[in-house]
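Here the structure is laid out as structure tokens; the discussion comes afterwards.
The values are calculated or read from the model by the stated rules, or taken from the named source; none is laboratory data. Everything quoted here is computed from the prediction, not taken from an experiment. All Cβ positions, even for glycine, are placed from backbone atoms using ideal geometry, and neighbour counts span all protein chains on display. SASA here: full protein model, heavy atoms, side chains in, ligands and nucleic acids out. Shrake-Rupley method; radii C 1.70, N 1.55, O 1.52, S 1.80 Å.
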Amino acid sequence: MGDDGESIFERITTVRNLWAAALRAARGKRHRPAVARTLLDLEGVVLALQRDLCGGTWQPARATQHEVFDPKRRTITAAPFRDRIVHQALCAVIGPMLERHLIPRTYACRLGLGTHAAIRQARVWTGHFAFALHLDVAKFFPSIDHAILLRQLEHDVRCERTVALCARIIEAGRELAGGTHRHFPGDDLLAPLSRKTGLPIGNLTSQHFANRYLSPVDHRATDRLRIHAYLRYMDDMLLFAHDRDQLSEWGHAIEQACWRQRLRLHPWQVVPTRQGITWLGFRILPGQVRVKRTSVVRAKKRLARLLGDAAADPAKWERFMASLRSTFAHWNHGDTWRLREQTLRELGLLYEEEDGDAPSDTD
């Protein structure tokens, strides 16, 4: 791969990069025993990781898994802390290389973008266009094809040792990812059984790899189909147009582009924007954004539970307040003044105004 390629792996494995990666991986987790033990001997851990990586002997350790139900059932993989240091160090160097292939309106896992920026853009287009189309990939992370992903990484990174490190991480997560086996146009009967698929949800590397994996679909939409009002958040795509038939035609074209990535979409249909679009936990209508009802119910139950814990143990009050602030900050990106007020009243933290005056229902 040449000197430039070799320098990529060397940048990943410098003591400075590994040390900074360890500090990033430890943010908000210093109280955990495994993290605390590592930080006590951080110099030794970093030097050992550097030795193992440069010597080609580093192997990912066994990860743990747990299930979450927010908003649907997902299995989240938690890599050991030392492995997360490697993930952070790797992504710090190759992340910008993968980023170069992303269109400006891909919002997931990108500095300065994210969920709320995507919601703001969707809100603008919902008020401007008559029709919308929401497309999302069925079992996205379990369906990611390793051969296709590694070809992308080889193209972007151009460093054999770095791609080999990525391949080691990808292969280690395959057993936990629950890969899928599906037929696509051009396959013979046994073709799906010979392909390795799946990335575990939860790893930083999985987020970067998955975001890059769908970039050919983005470019198909924006460069070939010339769709102006298109945006994506991980595997959720949202398109807008004034013409229903045009959106339907684009939907079929994007579905075929997904097939080339060995991905299938959930059933989809074009809807009038006046009916509202459910996307990223919000209900987006022309001139108004509401929080999805099921998200509100889950959040209220969580806050009530944490408030009960705080009532029994005052030391847990700050945990409740942190969750409350976080929830309200998220809701604040919609038209939710009354929702937030109602939630405080239901929690017994706000009482009725005696003079009957109430604030306006606007942000």
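Of note:
- Per residue, the accessible area of the range 149-204 comes to 51 Å², computed with a 1.4 Å probe over protein heavy atoms only.
- Ligands, DNA and RNA left out, the accessible area of the chain computed with a 1.4 Å probe is 51% carbon and sulfur.
- All-pairs alpha carbon distance profile, the range 214-363, 5 Å steps from 0, percent: 2, 7, 14, 15, 13, 12, 10, 9, 8, 6, 4, 1, 0
- Heavy-atom surface of the range 284-342, accessible at 1.4 Å and reported per residue (Å²): 58
- Bins of 10 Å, starting at 0 and running to the largest distance - Cα pair percent for the chain: 5, 20, 27, 25, 16, 6, 1, 0
- Between the residues Ala138, Leu102, Gly127, the greatest Cα displacement towards the positive end of the dipole of the chain, with unit charges on the Cβ of Lys, Arg, Asp and Glu, is found for Ala138.
- Residue among Ala79, Gln152, Thr278 farthest towards the positive dipole end of the chain, charges placed on Cβ: Ala79
- Low-density loop positions, trypsin sites (Lys or Arg not before Pro), the range 209-299 - DSSP coil, at most 13 other Cβ in 10 Å: Arg226
- Dipole magnitude of the chain, debye to nearest 20 (Cβ charges: Lys/Arg +1, Asp/Glu -1, about Cα centre): 600
- Annotation for the range 83-146: trypsin sites (Lys or Arg not before Pro) lying in DSSP loop with at most 11 further Cβ atoms inside 10 Å of their Cβ are Arg100.
- Evaluated over the Cα positions of the range 17-56, the convex hull gives a direction-averaged projected area, one quarter of its surface, of 2.7 nm².
- Among the protein heavy atoms, those of Leu190 account for about 110 Å² of accessible surface (1.4 Å probe, every chain in place).
- Lysine pairs with alpha-carbon atoms under 26 Å apart, the chain, spacing 8 or more or separate chains: 15
- Geometric descriptor of the range 197-267, per residue, is 92 Å³ (volume of the convex hull of the Cα atoms).
- Take the chain and mark each of the GluC sites (Glu not before Pro) that is in a DSSP loop with at most 12 other Cβ atoms within 10 Å; the longest unmarked stretch, sites excluded, is 1-351.
- For Cys54, solvent-accessible area (1.4 Å; no DNA, RNA or ligand), Å²: 60
- The chain: relative contact order as a whole-number percent, Cα under 8 Å and 6+ apart: 19
- Selection among Gly28, Gly44, Trp331 by position relative to the dipole of the chain gives Gly44 as farthest towards the positive end (Cβ unit charges, Cα centre).
- For the range 156-310, the Cβ-based charge dipole about the Cα centre amounts to some 720 debye (Lys, Arg positive; Asp, Glu negative; other atoms uncharged).
- When shorter helices are ignored and each DSSP H run of at least 4 residues is given -39500 (n - 2.57), the per-residue value for the chain at 222 nm works out to -16500 deg cm²/dmol.
- In this structure, the amide hydrogen of Phe282, modeled 1.01 Å from its nitrogen in the peptide plane, lies closer than 5 angstrom to those of Lys292, counting only residues at least 5 positions away or on a different chain.
- Each residue was assigned an accessible area with a 1.4 Å probe, and for Lys301 the value is about 140 Å².
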